[in-house]
Each structure stands twice: as structure tokens, then as C-alpha cells.
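The values are calculated or read from the model by the stated rules, or taken from the named source; none is laboratory data. Keep in mind the model is a prediction, meaning the values are calculated, not measured. Cβ sites come from the backbone with ideal geometry, for glycine too, and all protein chains shown count toward neighbours. The area values use the complete protein model at the heavy-atom level, side chains included, leaving out ligands, DNA and RNA. Shrake-Rupley method; radii C 1.70, N 1.55, O 1.52, S 1.80 Å.
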Amino acid sequence: MYDMKELYEAFSVEEAVKLRVEHPEAQVIAGGSDVLVQMREGKRAGKELISIYLVDELRGIRIDEEENIRIGSLTSFSHITKDPIIQKYINVLGEAVDQVGGPQIRNIGTIGGNTCNGVTSADSSSTLHAWEAVVELTGPEGVRRLPIKDFYIKAGTVDIREGEIQTAILIPKASYENTYGYYWKYAMRNAMDIATTGCSVNVRLSPDKKTIERARIAYGVAAPVPVRAPHAEAVANGAPVSEETVGKFALAVLEDINPRDSWRAGKAFRQHISVEMARRCLRASILRAGGAF
Amino acid sequence: MKDQYRLVEFNLNGKDVSCMVDCRASLTDMLRNDYRLTSVKKGCEVGECGACNVLIDGECFNSCIYLAVWARGKKIRTLESLLGPNGELSDIQQAFVDETAVQCGFCTPGFVMTAVEILESGKVYTDDELRKLLSGHLCRCTGYENILRAVKKTMYKRNGLEWKEDN
Ligand SMILES: Cc1cc2nc3c(=O)[nH]c(=O)nc-3n(C[C@H](O)[C@H](O)[C@H](O)COP(=O)(O)OP(=O)(O)OC[C@H]3O[C@@H](n4cnc5c(N)ncnc54)[C@H](O)[C@@H]3O)c2cc1C
Ligand code: FES
Ligand code: FES
């Protein structure tokens, strides 16, 4: 038995919003792989919950009218990894979420939960930052969209207002077209472990594959929330595809990131691996984009 | 709490069932207490160990972090569904016995149900892939190697591949 005060169940987005308005104290539960664990630990004990897990309209991935990739907030990690649209246009997201927990966690965990928890180590978040994802929220006043970097306010806090739930994550066409990426999760164990640091890089090369037209990089656990590394991106944008560019790019990340000491790893160690991850991820992205060294 | 008990209709091990369940219950609670399906173990109860693993619509879930009311409309399978009419073991269970993949047995039902998902995919996986697919379970006794062999052996047999003892 879970120590909850009340469980309100929604079966549609409309019902979920209505319940959110009626019960502002209640907390949303999607797959529950954060919420139920925290309830068990006592952190969320005695709370009221609004279950949205059975709102099936929030599951699935499609290309919408504006050619965005639209990922319903309740889509599980395993379904993201297996999805043909993801595999074709943003394979790195499928690979990143395939490193969450173990198989059972990837079946229950949702991308909505992985972003709404505001956690810097969340395995989807660095890739979503690096691909400039857009978060869609639905509330009593209708639909609101905002860039993912504005969605994260501080560690554990995201911009969800009264009455709202997150309904989708969108990847705009300008972001995924001709773009190839790579994610590196550094953890102490291959399965069932939280990232010590996570790094996601993607590139778009010029048609002759000799120049980096656009490079984007984001980290999890390099700061209290997932962050881009703009200095590093500036070094790579417009630069020739070469080992020298990769090396300069990797060192430049130190101007952007601010990892902390924690029981998982020290600051100096995190800085060290962040540089190495940037190097490996950029190299791998360039190779995937058809570039050569 | 107003309506603490909720009607949940679902399919359990091939039979349509319905149950008035406490909405605070986990699926583990319901399967063990209301249906006496004690193959579903309580290990960590926080999603870490896989002892409570069951199949829901063909995919593996840790039932300890799954609310019982979410069973609505689902097809749920536990280890009990694998036995033949006279209690005969299925091929995957027999392989666990033959390969000494069981010691205390606490982790076994969870592992076997993940193995069922693996086997029913009809695919032949490499050892590395199998290790990853089995990585959501903890076993404190066997050291995993025999479990891997039991799954691999059954996968080979079901796919008509020759199994040699040093595979
Ligand atoms: C054993 C174990 C291992 C794990 N390993 C990893 C790992 O390796 N990497 C990783 O990133 N995570 C890991 N996690 C954490 C967790 O699985 C993920 O964060 C998952 O994405 C959470 O999704 P959920 O649907 O279960 O979220 P829930 O627990 O239901 O919700 C999480 C938070 O988001 C809010 N929320 C969820 N959906 C919405 C929505 N649509 N609208 C508004 N608010 C919402 C909830 O109110 C809550 O605050 C692990 C968890 C467990 C139990
Ligand atoms: S008891 Fe469910 S995962 Fe351990
Ligand atoms: S056989 Fe004892 S835990 Fe696996």
C-alpha cells in the first residue's frame, strides 16, 4: 500500500486539467517511477495524487502539421527507442533513453516525467536541450509552448503553472533536419545507475562534409539544471572538420559548465570527463553525419 | 478518502477478472493479496530489483511501482501462467533448473518473466544484448552466468539452433 491521501484519476487531457484546477495541492503522477519511489521514501508521503497514466491520447510519436516531431508526454522510453520516426530523425534520443535504469524502468518511465521532474541527470534532458526541444503544456487557458531551456527554472523546479500538465515534447524541423548526434552517459554501472555526467552533441555538416555548419552540445549534471555550452558551440560553428576543431571545442566547454562536488564524483573529475565526453561525442556525431578525419 | 475501493476489470493469466481494489495498492499488493499469486515477490519495493516483475500487454513491468488501478483493461501475466495443466514446468523454467540458475529462488519468477518477453520476441540475441535485457534484475546467489545460459539455451532451442554445452 502507498501512503497517499487521495487518488484522482484522469482518462483524458480535459479531465486532467479539470482535476488540476479543482485540486491545486495534488501532484501529478504519470508512470510513477519517481513519484511512487519518493512516496515510499516518505518524501511525498500523505499527498494527493492525480493519475494521468491512463490518458492514452498522450502516448505516441508523429510528425505534426508544422513538421515537428511530436512526442506525447506519456510515451515510454522503450517506445521512443523502438519508434521509426525517432530512429530516422533523432536516433540519439532513442539511444539516450535506452540507457535509463533497466528494461522494466524503460517500459514505465515517460519522457514527460523525465523532464517535469526538473532533474539535471535525467537521461533525456541533455539531448532535448541540445536539439532545442519545445515543451507543450495544456491548461485551463489552452496550450502554451516554450523552449526547453526556459522550462527548467532551477534544480527540481520547472515552469508548470496552476492547472497545467505537460502534453508533448516537440522537435522542430530546423532542429532535426540533416542533423546527427551522439549521447554519452558516464555512470559507475552499465545498468540501473544515474549519470555521473551526461553529454549530448549533434552536428549539421556542409554538403561537402568538410565544414561544421552547426554544432550543439548540452550536459546533464554539469550544473543544477541541464545546460548548453555556448562557448564550445561558437568554436565549432563554421570551423573545418578536423581533429584540431574537435580538440578546441572540447576544451572550450570548461568556460560553460559548473559541475559540483557530490558523493557520486568530485568537481575536478566531472570537469575532466566533460572535456573527454565532448571530444568523443563531437567526433562520433561528425562520423555519423558522413564526415571524415 | 471518498471512494477508496475502485472497480478494476482486466485479464489475468488468460482469464477476464474484476476486483474492487484499494486505490492505494500496488499491482504487487493486488496480485499477492487478492489473487494469491505469490510468484510475484516483494524485494525492494522501489523498482530496483525486479523480483516483482510481471508482463503487462507483453512488456515487463516492476509491479511494485505500478498502481493496481492501472491494471484496467490490461492483459497481465505472472509466472503461474507458464505451468501446464498438471503443473508441468515450461521449457524456460526447466532450463533454469537444468542450468542451476536457481539457488534461493527469490529472484527467479521475475527473471523468468523477463525471459518470456525475450523469447516471445522470436529474435536471437547476442550475449551482450541478453545481458542488457536481463539487467533489470538483481540476484544475490547465482552470479548471473547460469541464468544467462538458461535463457540463451531456451532461445537457441526455440529458434531451432543447435545448442552445445560450451555455447
Ligand atoms: C530503479 C530506477 C532507476 C532509474 N534510473 C534512471 C536513469 O538511469 N535515468 C533517468 O533519467 N531516470 C531514472 N529513473 C527515474 C525515472 O524513471 C525517470 O525520471 C522517469 O522518466 C520518470 O517518469 P515517470 O512517468 O515515471 O514520472 P513520475 O514519477 O510519474 O513523475 C515525475 C515528476 O514529473 C511530474 N509529471 C510527470 N508527468 C507529468 C506531466 N505530463 N505533466 C506534468 N507533470 C508531470 C510528476 O508530478 C513528478 O513530479 C529511475 C527510476 C527508478 C525507480
Ligand atoms: S520489489 Fe519491485 S523491483 Fe524490487
Ligand atoms: S537465486 Fe537467490 S536471489 Fe537469485
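For A:Ile69, state whether it is touching a strand residue (DSSP E or B) at 6+ places or on another chain (Cβ under 8 Å), at pLDDT 95 or above and open to solvent by 10 Å² or more (accessible area, probe 1.4 Å). No; evaluated as a whole, the condition is false for this residue. Restricting attention to region A:40-81, the residues being β-branched (Val, Ile, Thr), farther than 20 Å from A:His23 by Cβ, assigned to a strand (DSSP E or B) and in contact with a Leu (Cβ under 9 Å, 6 or more places away or on another chain) number 2. The condition (being within 14 Å of chain A (Cβ to nearest Cβ), part of a loop (DSSP other than H, G, I, E, B) and within 16 Å of ligand 1 (Cβ to nearest atom)) is satisfied by just one residue among B:Gly73, B:Gly47: B:Gly47. Scan region B:98-106 and tell me whether some residue there is assigned to a helix (DSSP H, G or I) and modelled with pLDDT of 95 or more. Yes, there is a match, as at least one residue in region B:98-106 is assigned to a helix (DSSP H, G or I) and modelled with pLDDT of 95 or more. Against the test of being in contact (Cβ under 8 Å) with a residue 40 or more places away in the chain and outside the structural domain of A:Pro24 (by TED's automatic domain parsing), the options A:Gly156, A:Gly163, A:Gly142, A:Gly94 yield a single qualifying residue, A:Gly163. Within region B:107-144, how many residues are outside any helix (DSSP H, G or I) and of a type outside the set (D, E, K, R)? Residues meeting the conditions: 16.
Restricting attention to region B:54-90 and to residues that are of a type in the set (Asp, Glu) and open to solvent by 70 Å² or more (accessible area, probe 1.4 Å), the residue that is nearest to the chain's Cα centre (by Cα) turns out to be B:Asp57.
Scanning region A:76-91 for residues that are more than 14 Å from every other protein chain (Cβ to nearest Cβ) and crowded, with 24+ Cβ neighbours inside 10 Å gives a single hit, A:Ile90. Of all residues in region B:1-14, those being within 14 Å of chain A (Cβ to nearest Cβ) and either open to solvent by 70 Å² or more (accessible area, probe 1.4 Å) or in a loop (DSSP other than H, G, I, E, B) (or both) number 7. Each residue in region B:15-40 was checked for being out of contact with any strand residue (DSSP E or B) (no Cβ under 8 Å at 6 or more places or on another chain) and open to solvent by 50 Å² or more (accessible area, probe 1.4 Å), and 5 pass.
Meeting the requirement of 3 or more residues that are buried (at least 24 other Cβ atoms within 10 Å of the Cβ) and either within 16 Å of ligand 3 (Cβ to nearest atom) or within 14 Å of the chain's Cα centre (by Cα) (or both), the helices (runs of 4 or more DSSP H) wholly within region A:98-173 are A:111-116, A:125-130. Filtering region A:205-220 to residues that are open to solvent by 20 Å² or more (accessible area, probe 1.4 Å) and within 14 Å of ligand 1 (Cβ to nearest atom) leaves nothing.
A:Asn202 - would you say it is crowded, with 16+ Cβ neighbours inside 10 Å, of a type in the set (S, T, N, Q) and touching a strand residue (DSSP E or B) at 6+ places or on another chain (Cβ under 6 Å)? The answer is yes for A:Asn202.
The set of residues from region B:96-132 being in contact with a strand residue (DSSP E or B) (Cβ under 9 Å, 6 or more places away or on another chain) and either within 16 Å of ligand 1 (Cβ to nearest atom) or without any contact (Cβ under 8 Å) to a residue 24 or more places away in the chain (or both) comprises B:Gly110, B:Thr114.
For A:Glu22, the conditions (1) out of contact with any Gly (no Cβ under 8 Å at 6 or more places or on another chain); (2) surrounded by 18 or more Cβ atoms within 10 Å (Cβ to Cβ) are fulfilled apart from (2).
When region A:252-293 is filtered for residues that are touching a helix residue (DSSP H, G or I) at 6+ places or on another chain (Cβ under 7 Å), over 23 Å from A:Lys209 (Cα atoms), open to solvent by 10 Å² or more (accessible area, probe 1.4 Å) and part of a loop (DSSP other than H, G, I, E, B), the ones remaining, listed by number, are A:Asp256, A:Ile257, A:Arg260, A:Asp261. Would you check if A:Ala195 is more than 16 Å from ligand 3 (Cβ to nearest atom), open to solvent by 10 Å² or more (accessible area, probe 1.4 Å), within 28 Å of A:Gly101 (Cβ to Cβ) and in contact (Cβ under 8 Å) with a residue 24 or more places away in the chain? No, not satisfied. The set of residues in region B:105-132 that are open to solvent by 20 Å² or more (accessible area, probe 1.4 Å) and of a type in the set (A, V, I, L, M) contains only B:Val124. Take the residues in region A:174-206 that are under 15 Å from the mean Cα position of the chain (by Cα) and within 14 Å of chain B (Cβ to nearest Cβ); name whichever of them is modelled with the lowest pLDDT. Selected residue: A:Ile194.
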